[in-house]
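See structure below.
We did not get these values from a lab; they are worked out from the coordinates using the rules stated. Quick caveat, the model's predicted, so the values are computed rather than measured. Here Cβ is always computed from backbone atoms with ideal geometry, including for glycine, and neighbour counts include all displayed protein chains.
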Amino acid sequence: MRYLVINSIFLLFFASCTLSKPLVSKEKQTPLFWTQELRDDTQRNDFRITISTPTANITGIFMVKKIEGKWKGSIINEFGIKVLDFETTAKKCKLLNVLSFIDKWYIKNTFASDIQFIMEIDNPNFSFGSKAIKSFTNNILTINYKNKKEFRRFSNEKIEFINLKYSLIYTFTKIDTNNKILTN
Amino acid sequence: MNHFIIKLVSLSFCLSLLAVNAQIPAGFKPATETQQKEMMQKISEVSTHLKTLRCDFLQKKTISILADEMIAEGKMFFKQKDKLRWEYTKPFQYEFVMNGSQLMTIAGDIKNIIDVNSNNAFREICKIIISGINGSGILDSSRFSAKFFVGTNENRVTIVPKQKELKQMFKEMSICFSKINYAVNSVEITETNGDKTVIEMKNQQINKELNDEIFSNK
């Protein structure tokens, strides 16, 4: 009887250790955010992008391609008017050819920070990525960085990035390589 | 010393000639004054007599940072004087509908309705789009400076914007007109960084009946 009680105590102790295991180990088990279907390293990837602010919804096309170790891309509106070009690495995001209406330092800083997070989240050298908390529930992968940024993968066609500080929501819907839209 | 100066002047002259020639599009030559007047007259006549236009379009956009281009297709409907429906069908669906002072864009579930009269930039964009369809407005010297070129099957007008809102969006726009009926065959927009968007109009149906329902914002 004594041994049963002692064993039970040990069992309870080890069980509680399992329950309070740091989330870090869950991170190691969750997959990369960008799957090969969602973002192919070997070719250009096109997405429908919607940027929602508290007062407006802006739509366009987001194109990205890996060139010489950098993710390079462009955001244009449907008519082909360029909003901006960008290059990202784990260290930095550079914005180029920014449309004059948004060529303000505070807007560019926000875009650069958000685009870098979006593109480099799986890069082991991206310091913000390693500090983010990943969770995987109901087939939705969520990455939360200090409740400032949140990134969700709903499927291999749709992802969403939220800048919680400024209430900006970026929704990406994949346009397939055969140039047919996959989802509305 | 004199020999050196002569060489320097000759070289400068040759370089300036090269620079001027580089501005002349391939397959075209600058219009003479007579040809220019004739083109202006034809453009003005056609834009006045164009009541409706329906066509397919093919849009190619260079993305120099990706060393690539994006191709899109769609349909366009125009009814004089300010009704336009620009509908992308491939690879994405997007509608831009102008009906008088109301502008509506539909991208999937997202519909935006804008009063063009309250937004200067949008007003200018709408005018530019109409200009690209029927050539109207491009001869307005207060808004654009224009250069005229003559080709074998087409004539071409290149306009450079003077207004700040348009200068911020593009460097110049070239419209190619058929020599037969002065219909707009293509529009080429060059951005400030050199990237180009070329829109080719195909299967044009001119002055056929068009139901106003097409331009409704419902």
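Computed on segment B:99-218, the Cα convex hull volume stands at 141 Å³ per residue. Other protein chain C-beta atoms within 10 Å of residue C-beta, averaged over B:91-104: 3. Take each residue in A:64-73, count the other chain C-beta atoms within 10 Å of its C-beta, and the mean is 2.
Rounding to the nearest 10 and keeping the result within 0 to 90°, find how far the Cα-based axis of helix B:33-49 lies from the longest principal axis of chain B. Its long axis makes an angle of about 0 degrees. Footprinting exposure proxy ranking of A:Arg39, B:Arg143, fewest other C-beta atoms within 10 angstrom first, gives B:Arg143, A:Arg39.
Extending 7 Å from the Cα toward the beta-carbon at both B:Asn117 and B:Ile71 defines two label points whose distance is 4.3 nm. Would you work out the relative contact order for chain B, in percent, from Cα pairs under 8 angstrom that are 6 or more residues apart? It comes to 21 percent, rounded to a whole number. Fewest neighbouring Cβ atoms within 10 Å first, the residues A:Thr173, A:Thr142, A:Thr137, B:Thr89 line up as A:Thr137, B:Thr89, A:Thr142, A:Thr173. The trypsin sites (Lys or Arg not before Pro) of segment A:89-118 that meet both conditions, a loop assignment by DSSP and at most 12 other Cβ atoms within 10 Å of the site Cβ, are A:Lys91, A:Lys92, A:Lys104.
With each label modelled as a point 7 angstrom along the Cα→C-beta vector, the B:Lys60-B:Lys167 pair spans 3.1 nm. Each Lys and Arg adds +1 at its Cβ and each Asp and Glu adds -1 at its Cβ; summed about the Cα centre, segment A:56-120 shows a dipole of about 200 debye. Once the C-beta distance of B:Asn193 and A:Thr55 is scaled by a Förster radius of 30 Å, the resulting FRET efficiency is 0.55 to the nearest 0.05. Here chain B is treated with +1 on each Lys and Arg Cβ and -1 on each Asp and Glu Cβ, and its dipole about the Cα centre works out to around 400 debye. Between A:Asn125 and A:Phe101, the contour length at 0.36 nm per residue exceeds the Cα-Cα span by 5.3 nm. Which angle between 0 and 90 degrees, to the nearest 10, do you get for helix B:120-134 versus the longest principal axis of chain B when only C-alpha atoms count? That works out to roughly 80 degrees. With a Förster radius of 51 Å applied to the beta-carbon distance between A:Thr42 and B:Gln80, the computed FRET efficiency rounds to 0.55. With both labels modelled 7 Å from their Cα along Cα-to-Cβ, the B:Thr152 to B:Asp140 distance reads 3.6 nm. The slack between B:Gln23 and B:Gln204, meaning 0.36 nm per residue of separation minus the straight C-alpha distance, is 62.2 nm. Applied to segment B:73-79, the Karplus parametrisation 6.51 cos²θ - 1.76 cosθ + 1.60 on θ = phi - 60° returns per-residue 3J(HN,Hα) values of 10, x, 10, 10, 10, 9, 9 Hz, with x for Gly and Pro.
Please work out whether segment A:26-175 counts as rounded, prolate or oblate from its C-alpha gyration tensor, where a ≥ b ≥ c are the square roots of the eigenvalues and a/c under 1.5 means rounded, while otherwise a/b larger than b/c means prolate and anything else oblate? In terms of gyration-tensor shape, rounded. The residues A:Tyr170, A:Tyr106, A:Tyr145, when put in order of fewest to most other Cβ atoms within 10 Å, stand as A:Tyr106, A:Tyr145, A:Tyr170. Look at the stretch B:163-175: the mean tally of other chain Cβ atoms within 10 Å of its residues' Cβ atoms is 1. For the residue pairs B:Lys37/B:Lys171; A:Lys91/A:Lys134; A:Lys65/B:Lys83; A:Lys158/B:Lys111, alpha carbon separations beyond 26 Å are given by A:Lys65/B:Lys83. Here the contact order of segment A:117-177, divided by its residue count and restricted to Cα pairs under 8 Å and six or more residues apart, works out to 19 percent.
The convex hull of the Cα atoms of chain B, projected and averaged over all directions, covers 15.7 nm².
In sequence order, segment B:95-105 has phi-based couplings of 10, 10, 10, 10, 9, x, 8, 9, 10, 10, 10 Hz under the Karplus curve 6.51 cos²θ - 1.76 cosθ + 1.60, θ = phi - 60°, and Gly or Pro positions carry x.
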